[in-house]
Amino acid sequence: MRTQPGTVRSFALYGSSDTAPAWAELVHLERVPERSSLFDWEIDLHFHEGLIQLLYLTAGGEGAAWIDGTRWALRPPCLIVVPARAVHGFSFHPATDGPVITAAQKPLESLAELAAPGLVEHLRRPAVLELDADSRHAPPLLALFEAIERESQLHDGGGMAAGMPLLLALCVQVARVAQSGTGTAHSTRSRKAAQIERFRAQLDRDFRLRLPVQHYAQALGISVGQLTRLTRELLGLPAQEVVNARVVHEAQRELVYSSLSIKQVAAALGFEDEAYFGRFFKKHTGQRPSAFRAEARRRLASA
């Protein structure tokens, strides 16, 4: 892994100069060798803004994954879940193969919250799940990856409407593997990775309260400076920016997928003043909430 702390980069797809808005309609499927072989099977630490990745390694020797400071052994066949903004990298065996799905996390979470709320935690938690090739879960998993691949190649209208239910069904299968006891791959989690996990869990609970970084540092029993150094090293951002990104993530999701007014969205996220929420949102996205909502819904309507 060549990337050093402080040089973590954001990609839509690794190695691409393009970045995608976190709310964008996007379902992309490719196979591991298509991209990894271009980088000698070594994928440096990076993250995807608003995009979740699901990898199903079906062949190859042992490799390794680093996700938010935790090292996982990769022994195909196995499933890998990389949520949006999780800092991750891979060292693949040169014979590694299998499909990789990159998809917009916000619409997938919104659909999961309506259809199967228990799935959301699986979409937000990094995991490497070992899978027996003869397992009853293997055939439906492969079938769903193949169906999503066919849909992604059609480029016809209704891609969001057709693709998201398939992705939701795939996430159901991933959750079943996680709950079946077939095994989580061996991982080596550092003390820092454990602290980051606790920080993110606390942030998911409290971000609507608009609490200062000091609140999260105290919950971890460390100073604000220590928390900021920790998030810079493992997540590539200072702690305050991680907090702000969580608020922006929820604001974008509410603006696109709910019927709440902008004033109601602001209140739900702990902003007493709609104007302040508007300034905060524009600072972090470059758009006013109303303009963002209008553009996002136009794109969704044409998908």
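Read-outs: derived from the displayed coordinates by stated rules, not from any lab. If you're wondering where the values come from, they're calculated on a predicted model, not measured in any experiment. Glycine also receives a Cβ, built like all others from the backbone with ideal geometry; neighbour counts cover every protein chain displayed.
The table for this structure:
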| read-out | value |
| --- | --- |
| Per-q log10 I(q)/I(0), the stretch 190-302, q = 0.17, 0.20, 0.22 Å⁻¹ (Debye; single scatterer per alpha-carbon; no solvent) | -0.83, -1.01, -1.13 |
| Computed over the stretch 78-126, Cα set: Rg, Dmax in Å | 13.0, 40 |
| Cα coordinate range in the stretch 26-165, projected on the principal axes (Å, largest first) | 37, 31, 28 |
| Span-like helix ranges in the chain, DSSP H, alpha carbon extent 18 angstrom or more, Kyte mean at least 1.0 | 159-180 |
| Mean ellipticity per residue at 222 nm, deg cm²/dmol - from DSSP H runs of n ≥ 4 across the chain, formula -39500 (n - 2.57) | -15500 deg cm²/dmol |
| Fewest-first sequence of Leu45, Leu51 by Cβ atoms within 10 Å of each Cβ | Leu45, Leu51 |
| For the chain, convex hull volume per residue from C-alpha positions, Å³ | 128 Å³ |
| Cut-off of 10 Å, at most 12 other beta carbons, DSSP loop: longest stretch of the chain lacking such trypsin sites (Lys or Arg not before Pro) | 137-303 |
| Gap separating the Cα centres of the stretch 214-247 and the stretch 83-153, nearest whole Å | 28 Å |
| Residue order, fewest to most surrounding Cβ atoms within 10 angstrom, among Leu211, Leu38, Leu167, Leu260 | Leu38, Leu260, Leu211, Leu167 |
